[in-house]
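The values are calculated or read from the model by the stated rules, or taken from the named source; none is laboratory data. Remember, predicted model here, so these are calculated numbers, not experimental data. Virtual Cβ from ideal backbone geometry, glycine too; neighbours counted across all protein chains shown. Accessible surface areas use protein heavy atoms only, side chains included; no ligands, DNA or RNA. Shrake-Rupley method; radii C 1.70, N 1.55, O 1.52, S 1.80 Å.
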Amino acid sequence: QVQLVESGGGLVQAGGSLRLSCVVSGLTFRSYSMGWFRQAPGKEREFVAAISWRGGSTLYADPVKGRFTISRDNAKNTVCLQMTSLKLEDTAVYYCAARTYGPDTGWSRYDYWGQGTQVTVSS
């Protein structure tokens, strides 16, 4: 049974930082590219960041470039999203996802999903 479990969300003031983690089990983690997506109330799910199976290639959505960093530890089956300089518009439920091919910005191209973790940025 494949499981992706996110953690690290919470309430933070604008300008602050949070680090999200996603622990994966039930699949060969090092063979999967990983992505982070987010969905705000009333909005569609949107791409945030993705990383290749070895970590050598990363993708970022324009709104988070320079503020967010995706990383992975294949020994711990974990992918992380370090978020800094958080803005009100970063408020959303954040999901991690796995796919068998290279990193991709399209949510429909991911095979497995976590349950999400809420990030709320306050003024």
remark   = Counting only protein heavy atoms and rolling a 1.4 Å probe, one gets per residue an accessible area for the chain in Å² of 51
ask   = Per the chain: cysteines with no other Cys C-beta under 4.7 angstrom?
value = C80
query = Roughly what would the spin-label model give for T120 and T105, points 7 Å off Cα along C-beta, in nm?
reply = 3.1
query = Please report, for the Cα atoms of the range 7-123, the Rg to one decimal and the Dmax as a whole number; what are they, in angstrom?
reply = 13.2, 41
task = Could you tell me the accessible area of T117 in Å² (1.4 Å probe, neighbours in place), rounded to the nearest ten?
result = 20
request  = Please build a GNM for the chain, connecting alpha carbons under 10 Å apart, and tell me which residue among D90, D104, D73 fluctuates the most.
outcome  = D73
inquiry  = Show me, for the range 68-75, the HN-Hα J-couplings you get by feeding each phi into the Karplus relation (A = 6.51, B = -1.76, C = 1.60, θ = phi - 60°), rounded to Hz, glycine and proline as x.
reply    = 10, 9, 9, 8, 9, 10, 5, 6
ask   = Counting only residues 5 or more places away or on other chains, whose amide H sits under 5 Å from the amide H of G116 once H atoms are built in the peptide plane?
value = E6, C96
request  = Filter the GluC sites (Glu not before Pro) in the range 43-123 to those in DSSP coil with at most 15 other Cβ atoms within 10 Å of their Cβ, and list the result.
outcome  = E44
request  = Select from the range 1-108 those chymotrypsin sites (Phe, Trp or Tyr not before Pro) which occupy a DSSP coil region and have at most 14 other Cβ atoms within 10 Å, ordered by residue number.
outcome  = Y101
ask   = What are the ³J(HN,Hα) values, in whole Hz, obtained from phi via the Karplus relation 6.51 cos²θ - 1.76 cosθ + 1.60 with θ = phi - 60°, for each residue of the range 105-116 in sequence order, with x given for Gly and Pro?
value = 8, x, 5, 6, 8, 9, 8, 10, 9, x, 8, x
inquiry  = With an 8 Å Cα cut-off and a minimum separation of 6 or more residues, compute the relative contact order for the chain in percent.
reply    = 36
note = Diffing the range 40-53: the Karplus 3J(HN,Hα) column from phi (6.51, -1.76, 1.60, θ = phi - 60°), in whole Hz with x for Gly and Pro, holds 8, x, x, 10, 6, 5, 10, 6, 10, 7, 8, 9, 6, 5
